[in-house]
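As structure tokens, the structure follows; a few thoughts come after it.
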Amino acid sequence: MTEFIGGWLLPLIYATGCVLACRRVQRHWAVARLTAAAALAATTAAAAAALLWSRWGEIAVDALGLTAAMLVAVLGWVIINYSARYLSGEPGQARFVRALLFTLGAVGLLVVSRHLAVMVLAWTATSLGLHHLLTFYRERKAAQVVAHKKFLVSRCAEACLLVALLLVYQTVGTLSLEGLGTFLTTVDSLPLSLHVAALLFALAAILKTAQLPLHGWLIQVMEAPTPVSALLHAGVVNIGGFVLIRLAGLLSLAPAAQTLLVVVGSLTAVLAGLVMLTRISIKVRLAWSTCAQMGFMLMEIGLGLYELALLHLVAHSLYKAHAFLAAGDTVQAAREGDLLAAGRASRSPLWYLAALALSGGVVAGSAALWQLVLPALAVPLVALFIVALGLASLLWFEYTAPPALLRGMLQLAALTQLYLLWHLLFAGLAPAPAAVAWPLVLWVALSFTLFYVAQVWLRCYPQGRFARTVYPWAYCGFYLDETFTRLTFRIWPLQLSPIQAQTLTNRIPLMQGNRL
């Protein structure tokens, strides 16, 4: 498999735009808009050429890189045009444009490259560019503190990546993905060095995707401009999942790495999902949602469901870009999901269990019908089970009128068909599913079943003992970030003046999303 035709145009165009923005300081937004439009046009043309070439030519196209490059080009175009309006009148816009173009160029380089060393260097460059964006408001010391925490976490992740690269090169003799893939086809089991390398790649992805308990920096980056939040949550934080999908062949042969991803990812998804329900700040709620979604994506990769992880990555990127850039429109919708909603649900817990059974029946029946028409379509049972759990909430209404039930059923059936359709479309873009140990599948099924039961119980008894016990812990993020924060400043203190420290102390409640 080769890089798609013209793939290197994406990082090249962004790099050119960054250089021009440095020279034409007074026309920085014109340069940025032109760069974004050129990157989108070039990537679209390259994608069309690649599809035609793969259909009538003899070369297999890097479908994964093509998909990610299109995603980067689209998001870059949207975020740059939004930023030009959002930052109108702000000082330091030229500095923002340079950092934004540099970051997008680094991401573009990462997704089109098929060499591990280039990918790691581009990932590091992305982190450094994002650091400058997060500290755009230099007078806001809360932003400086959060960027400081992220800087340390990222450097730890890059240390893991460096050791992993050395182990891969020592064992395989090359850092190209093609060479690694060829080596993996010649061995029956991985040598110890590659098991360790797979674990280090997984650990680096966990650090870079803000998994618990090292998640605090992602939750507290709200001091940055909204376009930076959109870029971080819709693009940069997803890179860990993309890199692991690239390394699917290695991870599929490394049970220890799979176990680490499944356990950490599922725990993060469940705990962050509970915390998200207690937030009142829209951007903080979205940040906790990103933390949970990244955990879910890593769990899918650990289960060997690479095509589902890619679908999740693309869908999450598009959703979070829209959610952050239109955060004002999501206030009313977000308020409806409060953990301790006023009043008492009129339904009994049995209703919600029946909703799950009904959702499971629709999902399983739809999958069976699709497989009759398309025998090649195979969706793992654990994936169908999780989809049924997620869609069951469409039947969580308190009205007894038949139209409400009919509307919920129609929405459930429509979303199920849409999910299966997208699964079919993404099946050829990512590596084939890998076998995984059944205890991991059982762990995931049990984790999300308990999560569903907890949500039902909290909904039915919002003033009960269980809710009153869980709410303070969930509201405080289960106190997981405090220890890490203290350790961070013990390892590498950030110097603040007394006035700056007092300002930071006064702003921390707002960063955490506390109630007024």
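Scanning segment 484-495 for residues that are assigned to a helix (DSSP H, G or I) and of a type in the set (Phe, Trp, Tyr), we see that the one that is least open to solvent (accessible area, probe 1.4 Å) is Phe484. Cβ-Cβ contacts under 6 Å between residues 6 or more apart (or on different chains), taken from a first residue in segment 252-279 that is over 13 Å from Cys291 (Cα atoms) and assigned to a loop (DSSP other than H, G, I, E, B) to a second residue that is open to solvent by 10 Å² or more (accessible area, probe 1.4 Å) and of a type in the set (Asp, Glu), are absent.
Hey, among Ala125, Ala164, which residue is crowded, with 22+ Cβ neighbours inside 10 Å and assigned to a helix (DSSP H, G or I)? Break it down stepwise before answering.
On the way: Ala125 fails: crowded, with 22+ Cβ neighbours inside 10 Å.
Checking each option against the conditions leaves just Ala164.
Among the residues making up segment 260-292, those that are open to solvent by 30 Å² or more (accessible area, probe 1.4 Å) and more than 19 Å from the chain's Cα centre (by Cα) are Ile280, Ser281. Within segment 458-472, the set of residues being assigned to a helix (DSSP H, G or I) and surrounded by 15 or more Cβ atoms within 10 Å (Cβ to Cβ) comprises Leu458, Arg459, Cys460, Ala467, Val470, Tyr471.
Take the conditions (1) at pLDDT 80 or above; (2) over 30 Å from Tyr352 (Cβ atoms); (3) open to solvent by less than 60 Å² (accessible area, probe 1.4 Å); Asp481 misses just one of them, which is (1).
Trp53: open to solvent by 10 Å² or more (accessible area, probe 1.4 Å), in contact (Cβ under 8 Å) with a residue 12 or more places away in the chain, in contact with a strand residue (DSSP E or B) (Cβ under 9 Å, 6 or more places away or on another chain) and hydrophobic (A, V, I, L, M, F, W, C), yes or no? In short, yes. The set of residues from segment 167-191 being under 22 Å from Val111 (Cα atoms) and open to solvent by 50 Å² or more (accessible area, probe 1.4 Å) comprises Tyr169, Glu178, Thr182.
Based on what the data block shows, is Tyr452 open to solvent by 40 Å² or more (accessible area, probe 1.4 Å) and closer than 18 Å to Leu277 by Cβ? No. Take Cys156 and tell me if it is modelled with pLDDT of 90 or more and surrounded by fewer than 17 Cβ atoms within 10 Å (Cβ to Cβ). When the stated conditions are applied, Cys156 passes them.
Of all residues in segment 130-151, those satisfying the criterion of being over 21 Å from Leu101 (Cα atoms) and open to solvent by 30 Å² or more (accessible area, probe 1.4 Å) are Glu139, Arg140, Lys141, Gln144. Evaluation of Arg95 against the conditions (1) more than 25 Å from His215 (Cα to Cα); (2) out of contact with any strand residue (DSSP E or B) (no Cβ under 9 Å at 6 or more places or on another chain); (3) touching a residue at least 60 places away in the same chain (Cβ under 8 Å) shows that the sole unmet condition is (3).
If you go through segment 202-213 one residue at a time, how many are out of contact with any Phe, Trp or Tyr (no Cβ under 6 Å at 6 or more places or on another chain) and either open to solvent by 10 Å² or more (accessible area, probe 1.4 Å) or assigned to a helix (DSSP H, G or I) (or both)?
Number satisfying all stated conditions: 8.
Just to be sure, is Leu199 open to solvent by 30 Å² or more (accessible area, probe 1.4 Å), in contact (Cβ under 8 Å) with a residue 24 or more places away in the chain and among the aliphatic types (A, V, I, L, M)? When the stated conditions are applied, Leu199 passes them. Taking segment 84-117 as the range and being in contact with a Pro (Cβ under 7 Å, 6 or more places away or on another chain), of a type outside the set (A, V, I, L, M, F, W, C) and crowded, with 18+ Cβ neighbours inside 10 Å as the test, the residues that pass are Gly105, Gly108. Surrounded by fewer than 22 Cβ atoms within 10 Å (Cβ to Cβ), at pLDDT 85 or above, in contact with a Leu (Cβ under 6 Å, 6 or more places away or on another chain) and part of a helix (DSSP H, G or I), is that true of Gly249? So Gly249 passes the test.
Restricting attention to segment 326-385, the residues that are at pLDDT below 55, crowded, with 18+ Cβ neighbours inside 10 Å and in a helix (DSSP H, G or I) add up to 1.
The values are calculated or read from the model by the stated rules, or taken from the named source; none is laboratory data. These figures come from a predicted structure and were not determined experimentally. A quick note on method: Cβ atoms are made from the backbone with ideal geometry, for glycine too, and the neighbour counts reach across all protein chains shown. Heavy atoms of the whole protein, side chains included, go into the accessibility calculation; ligands, DNA and RNA do not. Shrake-Rupley method; radii C 1.70, N 1.55, O 1.52, S 1.80 Å.
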